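Notes follow once the structure below has been shown.
The values are calculated or read from the model by the stated rules, or taken from the named source; none is laboratory data. Just so you know, these numbers come straight off a predicted model, no measurement behind them. Here the Cβ positions follow ideal geometry from the backbone for every residue, glycine too, while neighbour counts run over all protein chains shown. Protein only, heavy atoms only, side chains kept; ligands, DNA and RNA dropped before computing areas. Shrake-Rupley method; radii C 1.70, N 1.55, O 1.52, S 1.80 Å.
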Amino acid sequence: MVQPKSNLRLNSDQTRHSPLALKFVHLTIAALHQENYATIPNYLERELRYMDAGEEAQSATGPQGTGLPIAMSSITTSAIDTPTRRSVERTCDDLAVMVLAAVGLIAGLTFRDYGLGWDDYTHAEYADLLLRMYESGFKDVSALSFANLYMYGGGFDMVAALLHKIIPLELFETRRLLGAIVGMIGLAVTWRLGRRVGGPLAGLAALLLLALCPTFYGHMFMNPKDAPFAVAMVILMLGLVRLAEEYPSPSPRTILIVGLGAGLSIGSRILGGLALVYALIGFVPLLLEEMRTNGTREAVRRFSHVVYVLLPGLIFGYLVMGLIWPWSIMEPGNPFQALTYFSHFFEKPWKEMFDGALVSVPDMPWFYLPTLFALQLPEVLLGLTIAGVAGTFVLLSRPGVPGRRKTILLMLTLAATLPLVIAMVKRPALYNGIRHFIFVIPPMTVLAGATFAWGMDWLRENRRSWQPVAVAIFSFGLLLPLGEMIRLHPYQYTHFNHIAGTVRGADELYMLDYWGLAFKQASDSLREELNERQEVAPHGRKWKVAVCGPQRPAQVALGPDFTIGWDSNAADFAMTLGEFYCKGLTAPVMVEIKRDDVVFARVYDIRGRSISSLLAIPAP
């Protein structure tokens, strides 16, 4: 096809005194060469916006490019208007889509491998009660007093129960599939958030860091509370970042995202209210800049306008919260009652293994969370997150950086660290590792991805020959958790990094499979073993299995041909977790589930043996 000729001409004086005009010509010619005439205005608008970001970065950091760019972003440089640069950005986006597709494919092929968590059965019951309440027109309100789950939202559980009615899967397989779908949404939103904060490279890096975080990946399949809550919180964070970018005139889409994220977050766990703290503290730099630039009265007027236009979104969020957490809107003070309830330990204390010692869960030391995060997060994510947090505080001290960029990075830093700091200071009851705090991992990956992108930008400007080395180190850092995820499958949530010596080094010091997921594989293997031996249950009864671990998940995994209980004297088999509270028995081992030479579960043949108890320590 004949290339169109450009009639745009500028004399030398115009181009010499107007570099923007010269860039305009270059961009127009680039658009014409793409032969996409209908979108030339959009193309130019997008490219000039990128250049504006680069010029702001130069004004914030000085002509020498020293210091941190405004958004620690790969798009905050001025060299983004060349075909090569555009190709790099498109390549990053294409790779991100490929990563999402690969994770989706793997999840779709493996979701059935994941067993039931300790709370799965109870959550399924809660979903039935919630649906019954809606179907009865609120005449049957037993869901509003069921255990203590009425103080949590049941959105995930209700969707799983409804989905189960229309797809040909068993209930708990449906829950695993829905968990994978929700996790994929979290990955996609994290990618878009990272891209918005730091550009295409930052978005790709954030996506890879989250997809290859074994703790997040493992929990997304089988954790009905904490994983959906983490996804809801990152949706809300996306809305808050958009709000900071568009302040003081947020778009309808941003208002909708803020409302949806707030409703889903608080409707999942009352802890979602922490996002209000992120916003209040995070917007301080932007508001201070507004006061300096426009005066106090105008700054207050603009802020009031933002609050006013957010009201429809917040009302929408309240409706979403009420839909998935109906108890929260039965009385105006119910959310605060839930906050008070969860601020105190509400169960009979028990002990868990931490650093080789048995510690009562209300007495866990202040360093419980930082220790486990340091030992369970992938090393590359840990290092980049620490650098990102440090970089944020360095940036906050620089007067030339725009307030909205300070606000965005401060909110992300608060989302990644403030919940941990509060827990370290308040010292609530802590148990089950870091599962209650996985909602801080997505903002950690965004900070880490932005830090990596900034580092690559700095190297491009100062040490270009070192860029391949940085990419190689980053790639190696991703391969480490990938290898562990493959080796641990489907128990990725038990991951410990190489600092801890992997699960092999952590086995004697910390709890691994605290939710008993290995019972599914142990149950499947027991049935296969009995079939191979052609053994049948004694006449007139089912096989009896004594279980040390979660009872209901074991019953679901074993199926209708088995009865379970704690009584080991009358049992045919004993199924035990490889945790500290289960006794090792002197009996033939029929099934052994191991990963990295660590025993996750065993099934013993105890027929004809007198076993007094399966517990290695007294029951709490």
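Quick one: if the Förster radius is 51 Å, what FRET efficiency do Arg541 and Leu339 give, using the C-beta to C-beta distance and rounding to 0.05?
Computed FRET efficiency for Arg541 and Leu339: 0.55.
Determine the share of the range 176-254's accessible area contributed by carbon and sulfur atoms, expressed in whole percent, with a 1.4 angstrom probe.
For the range 176-254, the apolar C and S fraction of the accessible surface comes to 66 percent.
Run down the aspartates and glutamates and flag those whose C-alpha is under 13 Å from the C-alpha of Lys594, throwing out any fewer than 8 positions away in its chain.
Asp507, Asp513, Glu579
Please enumerate, by chain and number, the lysines with C-alpha under 28 Å from the C-alpha of Lys165, excluding those fewer than 8 residues away in the same chain.
Lys139, Lys225, Lys520
Using the Cα atoms of the range 465-538 to build a convex hull, what is its mean projected area in square nanometres?
7.6 nm²
Say the dipole of the chain comes from +1 at the beta carbon of Lys and Arg and -1 at that of Asp and Glu; which of Ala506, Ser397, Leu105 then lies farthest toward its positive end?
Ser397
List the residues whose amide H sits under 5 Å from the amide H of Ala601, counting only those 5 or more places along or on another chain, with H placed 1.01 Å from N in the peptide plane.
Gly578, Ile593
Gain in length, Asp355 to Leu109, computed as 0.36 nm per residue apart minus the alpha-carbon separation, to one decimal in nm?
Once the chain is fully extended between Asp355 and Leu109, it gains 85.0 nm.
With each label point set 7 Å from Cα along the Cα-Cβ vector, what nm distance links Asn148 and Ala390?
According to this spin-label approximation, the distance is 4.0 nm.
What FRET efficiency, computed as 1/(1 + (r/R0)^6) with R0 = 22 Å and r the Cβ-Cβ distance, is obtained for Phe476 and Met98, rounded to the nearest 0.05?
Here the calculated transfer efficiency is 0.65.
Reachable aspartates and glutamates from Lys426, Cα under 12 Å, same-chain residues fewer than 8 places away excluded?
Counting by Cα, and skipping residues close in sequence, Lys426 has these aspartates and glutamates nearby: Asp363.
Provide the per-residue ³J(HN,Hα) series for the range 344-360, in order, calculated from phi with Karplus coefficients 6.51, -1.76, 1.60 and θ = phi - 60°, each as a whole number of Hz, with x at glycine and proline positions.
Running phi through 6.51 cos²θ - 1.76 cosθ + 1.60 with θ = phi - 60° gives 10, 5, 10, 10, 5, x, 9, 10, 10, 7, 9, 6, x, 10, 7, 10, 5 Hz.
Pop out the carbon and sulfur fraction of the accessible area of the range 414-559 as a percent, whole number, probe 1.4 Å.
59 percent
How would you rank 536-548, 103-115, 592-604, 258-270, highest first, on the average number of other Cβ atoms within 10 Å across their residues?
Put in order of decreasing packing, that is 258-270, 592-604, 103-115, 536-548.
Place a label point 7 angstrom from the Cα of Phe346 along the Cα-to-Cβ direction, then list the residues of the range 268-284 whose backbone nitrogen is under 11 Å away.
What the label zone holds, given the 11 Å backbone N cut-off, is 270.
Quote the FRET efficiency, to the nearest 0.05, computed for Arg292 versus Gln467 with a Förster distance R0 of 60 Å and r equal to the Cβ-Cβ distance.
The value I calculate is 0.95.
Of Ile564, Ala415, Ser465, which is farthest on the positive side of the dipole of the chain, counting Cα position, with +1 on Lys and Arg Cβ, -1 on Asp and Glu Cβ, and the Cα centre as origin?
Farthest towards the positive pole: Ser465.
Within the range 284-354, what whole-number % of the accessible surface is contributed by carbon and sulfur, with the 1.4 Å probe and all protein chains included in the calculation?
Carbon and sulfur: 68 percent of the exposed surface of the range 284-354.
Looking at the range 439-512, which trypsin sites (Lys or Arg not before Pro) are in a loop (DSSP not H, G, I, E or B) and have at most 11 other Cβ atoms within 10 Å?
Sparse-neighbourhood loop trypsin sites (Lys or Arg not before Pro): Arg463.
Please give the calculated 222 nm ellipticity per residue for the chain, where each DSSP H segment of at least 4 residues contributes -39500 (n - 2.57) and the sum is spread over every residue; nearest 500 deg cm²/dmol?
Per the formula, -19500 deg cm²/dmol.
Taking 0.36 nm per intervening residue step and subtracting the Cα-Cα distance, what contour gain separates Lys165 from Leu615 on full extension?
Roughly 158.1 nm would be gained on extension.
Against the longest principal axis of the chain, how steep is helix 120-135, in degrees 0 to 90 to the nearest 10, with axes from Cα atoms?
So the inclination is approximately 70 degrees.
Quote the relative contact order of the chain in percent (integer), defining contacts as alpha-carbon pairs under 8 Å separated by 6+ residues.
Rounded, it is 15 percent for the chain.
Find how much the distance from Phe580 to Asp561 grows on full extension, using 0.36 nm per residue of separation minus their present alpha carbon separation; answer in nm with one decimal.
3.9 nm
For a label point 7 angstrom out from the Cα of Glu528 toward its Cβ, which stretches of the range 479-497 have the backbone nitrogen within less than 19 Å?
486-492
For the chain, give me the percentage of DSSP beta bridges that are antiparallel, rounded to the nearest 5 percent.
Bridges in the chain are about 65 percent antiparallel.
What accessible area per residue comes out for the range 97-158, rounded to a whole number of Å², with a 1.4 Å probe?
Per residue, the range 97-158 has 45 Å² of solvent-accessible surface.
Using only the alpha-carbon atoms, how far is helix 171-198 inclined from the longest principal axis of the chain? Give it as 0 to 90 degrees, nearest 10.
In the chain, helix 171-198 runs at an angle near 20 degrees to the longest axis.
Quick one, can you get me the convex hull of the C-alpha atoms of the chain expressed as volume per residue in Å³?
Given the Cα convex hull of the chain, per-residue volume reads 198 Å³.
Calculate, axis by axis, the spread of Cα positions in the range 424-507 along the three principal axes, and write the results as whole Å, longest axis first.
Largest first, the range 424-507 extends 48, 34, 19 Å along its Cα principal axes.
What nm value, rounded to one decimal, do you get for the distance between Leu276 and Phe138 when each label is placed 7 Å out toward the C-beta?
The answer from the label model is 2.3 nm.
Roughly how tilted is helix 200-211, in degrees to the nearest 10 and between 0 and 90, from the longest Cα axis of the chain?
0 degrees
From the mean inverse distance of alpha carbon pairs (Kirkwood) and the Cα radius of gyration, derive Rg over Rh for the range 239-364.
Result for the range 239-364 is an Rg/Rh of 1.13.
So what are the ³J(HN,Hα) numbers for the range 221-238, from phi and the Karplus equation (6.51, -1.76, 1.60; θ = phi - 60°), rounded to whole Hz, Gly and Pro as x?
Per-residue couplings from phi come out as 7, 10, 9, x, 10, 6, 5, x, 5, 4, 5, 4, 5, 6, 5, 4, 5, 4 Hz.
With a 1.4 Å probe and every protein chain left in place, work out the accessible area per residue of the range 438-551 in Å², rounded to a whole number.
Spelled out: the 1.4 Å probe surface of the range 438-551, per residue, equals 43 Å².
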